[in-house]
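Visitor: Got a structure for you, questions after.
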Amino acid sequence: QVQLVESGGGLVQAGGSLRLSCAASGSTLSFDVIGWYRQAPGKQRELVARILSGSGTIYADSVKGRFTISRDNAKNTVYLQMNSLKPEDTAVYYCHGVWWSPPSDVWGQGTQVTVSS
């Protein structure tokens, strides 16, 4: 089973930037979809961004124009570049990989992002 390990979270002031990394123990090419979710205290986990196997990307409306998802298949790593951070971006960010056949998925352990005002 491929495992995902996130890193790069931390405390940043509003308007600042962070880059999250998601390192896979196996090939990121094996995933049909890989992306990032986040969960703020008292809220449901929500999609932030994801990359499809054909390199198409999807972003939540709340992060469009500020966040960029990318992958480096040679390093088996997926990145989330987060710019112009806002206090409402504060959450635990999780990496998530999906295989379509047979249906299966895997989650990372999460990394905390805190944006101060």
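Visitor: Probe 1.4 Å, all protein chains in place: accessible area of Arg50 in Å², nearest 10?
Guide: We get 80 Å² for Arg50.
Visitor: Using +1 on the beta carbon of Lys and Arg, -1 on that of Asp and Glu, and nothing else charged, what's the dipole of region 64-117 about the Cα centre, debye to 20?
Guide: Details: 5 positive and 4 negative charges, 34 e Å.
Result for region 64-117 is approximately 160 debye, rounded to the nearest 20.
Visitor: Then there's this: Whole number in Å², please: accessible area per residue of the chain, 1.4 Å probe, ligands, DNA and RNA not counted. Mind showing how you got there, number by number?
Guide: Details: 6020 Å² over 117 residues.
Accessible area per residue: 51 Å².
Visitor: With the full set of protein chains in place, find how many percent of the accessible area of the chain is carbon and sulfur; take the probe as 1.4 Å. Walk me through the numbers on the way to the answer.
Guide: Working: 2980 of 6020 Å².
Using a 1.4 Å probe with all protein chains present, the chain comes out at 49 percent carbon and sulfur.
Visitor: With the dipole of the chain worked out from charges on the C-beta (+1 for Lys and Arg, -1 for Asp and Glu) around the Cα centre, which of Ser101, Gly42, Met82 lies farthest toward the positive end?
Guide: Going by the charge dipole, the pick is Met82.
Visitor: Using only the C-alpha atoms of the chain, find the volume of their convex hull and express it per residue in Å³. Show your work: numbers first, answer last.
Guide: Details: hull volume 11.1 nm³, N = 117.
With only Cα atoms used, the chain gives 95 Å³ per residue.
Visitor: Okay, next question. Compute a Gaussian network model of the chain, connecting alpha carbons closer than 10 Å, and tell me which residue from Pro87, Pro103, Pro41 fluctuates the most.
Guide: Among Pro87, Pro103, Pro41, the largest GNM mean-square fluctuation belongs to Pro103.
Visitor: Something else about it: For region 1-65, with only Lys/Arg (+1) and Asp/Glu (-1) charged at the beta-carbon, what is the dipole magnitude about the Cα centre, in debye rounded to 20?
Guide: Numbers: 6 positive and 4 negative charges, 28 e Å.
The dipole of region 1-65 has a size of about 140 debye.
Visitor: Taking the Cα atoms of region 1-46, report the difference between the largest and smallest coordinate on each principal axis, in whole Å and largest first.
Guide: Largest first, region 1-46 extends 36, 23, 14 Å along its Cα principal axes.
Visitor: Next question, about the same structure. Using unit Cβ charges (K, R positive; D, E negative) and no other charged atoms, how large, in debye to the nearest 20, is the dipole of the chain about its Cα centre?
Guide: Numbers: 10 positive and 8 negative charges, 36 e Å.
Value, rounded to 20: 180 debye.
Visitor: Checking the cross-link filter: which aspartates and glutamates have an alpha carbon closer than 15 Å to that of Lys86, excluding same-chain neighbours under 8 positions apart?
Guide: Asp61
The values are calculated or read from the model by the stated rules, or taken from the named source; none is laboratory data. The structure displayed is predicted, hence computed values, not measured ones. Because the Cβ atoms are built from the backbone with ideal geometry, glycine has one as well, and the counts that use them run over all protein chains shown. Protein only, heavy atoms only, side chains kept; ligands, DNA and RNA dropped before computing areas. Shrake-Rupley method; radii C 1.70, N 1.55, O 1.52, S 1.80 Å.
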